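Asks: The following block contains the structure, expressed as structure tokens.
What follows is calculated from the coordinates using simple rules that are stated; it is not laboratory data. Everything numeric in this text was worked out from a predicted model, so none of it was measured. Heads up, the Cβs are rebuilt from the backbone with ideal geometry, glycines too, and the neighbour counts pull from every protein chain shown.
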Amino acid sequence: MSNKKKSGTRKKQGEKKPVEENVLDLSKMTFREKLKNIFYFLCILAGLFLVIYFIAMGALARKNEEIKKIEESNTSTTGTVISTGNMKGSYAVLEYVVDGKTYTKKQGSPSDHVQPGAHYMVLYDKGDPRECWVDYTSPLFLPDEQVEATEGEIIRKDSKKIGFAYTVKGERYEQFQRYKEGINIDKDKTYTVEYLAGKPKISIIRIDQ
């Protein structure tokens, strides 16, 4: 005798139940609920902004303290650019020597026009020469380098650096240089530009003269 089939539909074995998606239906929300959600969202954004702001301010404060400590040491040497690059802004790697020991320093540069072989003053902590700061407002030539001069003009200027152009043997060059606060720069004036003989891209505009 056969068993009777039970009435009604039976779910097939292995059949999955439909998953109810937890989707926020804005059309079913009241105006007050929408405002509440917007308010929460803005609070989260404001919180994230404050966290990023305080982290950035803390990093800047530490950096300024380090620079102040280095400046108070009143010790400096000459650094030579050995390589340059661009990663979230241009940078240069400089090599400098203190008490016969060679150190390297990677630091953001005024522009990607900084040339390998250029020299800048490096301020360092007397107690730890690894702690240093490259003073891009103080480019220089070595005493034994052959330097020539020409006239140059200011082609752009912002709060920290200037761009200038000059011509050597019929070829026009453009370069950037950071300048110290308080220097009066006249964009309509021509300035003396000194450059390295054999490599005119390495140059210094004498805006302090």
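Asks: Counting other Cβ atoms within 10 Å, keep those with at most 15, restrict to DSSP loop, and tell me which trypsin sites (Lys or Arg not before Pro) in the stretch 104-137 are left.
Replies: Listed in order of number, the matching sites are Lys126, Arg130.
Asks: Additional query: For Leu45 and Val97, FRET efficiency with R0 = 45 Å and r from the beta-carbon atoms, rounded to 0.05?
Replies: With a Förster radius of 45 Å, E is 0.35.
Asks: Please sort 144-156, 178-190, 108-120 by packing, taking for each peptide the average over its residues of neighbouring beta carbons within 10 angstrom, highest first.
Replies: Highest mean packing first, the order is 108-120, 144-156, 178-190.
Asks: Assuming 0.36 nm per residue, please report the length gained on full extension of the stretch Ile38 to Ala56 beyond their Cα-Cα distance.
Replies: Result: 3.8 nm gained on full extension.
Asks: Also: Between Asp208 and Gln146, how high is the FRET efficiency from 1/(1 + (r/R0)^6) when r is the Cβ-Cβ distance and R₀ = 30 Å? Nearest 0.05.
Replies: Once rounded, the FRET efficiency stands at 0.85.
Asks: Also, quick follow-up: Can you give the net charge of the other residues whose Cβ lies under 12 Å from the Cβ of Phe39, counting K and R as +1 and D and E as -1?
Replies: Residues near Phe39 contribute +2 overall.
Asks: What is the distance, in nm, between label points placed 7 Å from the Cα along the Cα-to-Cβ direction at Asp186 and at Glu174?
Replies: According to this spin-label approximation, the distance is 2.5 nm.
Asks: Another question, then. Looking at the square roots a ≥ b ≥ c of the eigenvalues of the Cα gyration tensor of the stretch 144-209, which shape do they give, rounded for a/c under 1.5, prolate if a/b is larger than b/c, or oblate?
Replies: Prolate, since a/c reaches 1.5 and a/b exceeds b/c.
Asks: Okay, moving on. Ser109's amide H: which non-local residues (gap 5+, or another chain) put their own amide H closer than 5 Å, with H modeled 1.01 Å from N in plane and none for Pro or chain starts?
Replies: For Ser109, the qualifying residues are Ser90, Tyr91, Ala92.
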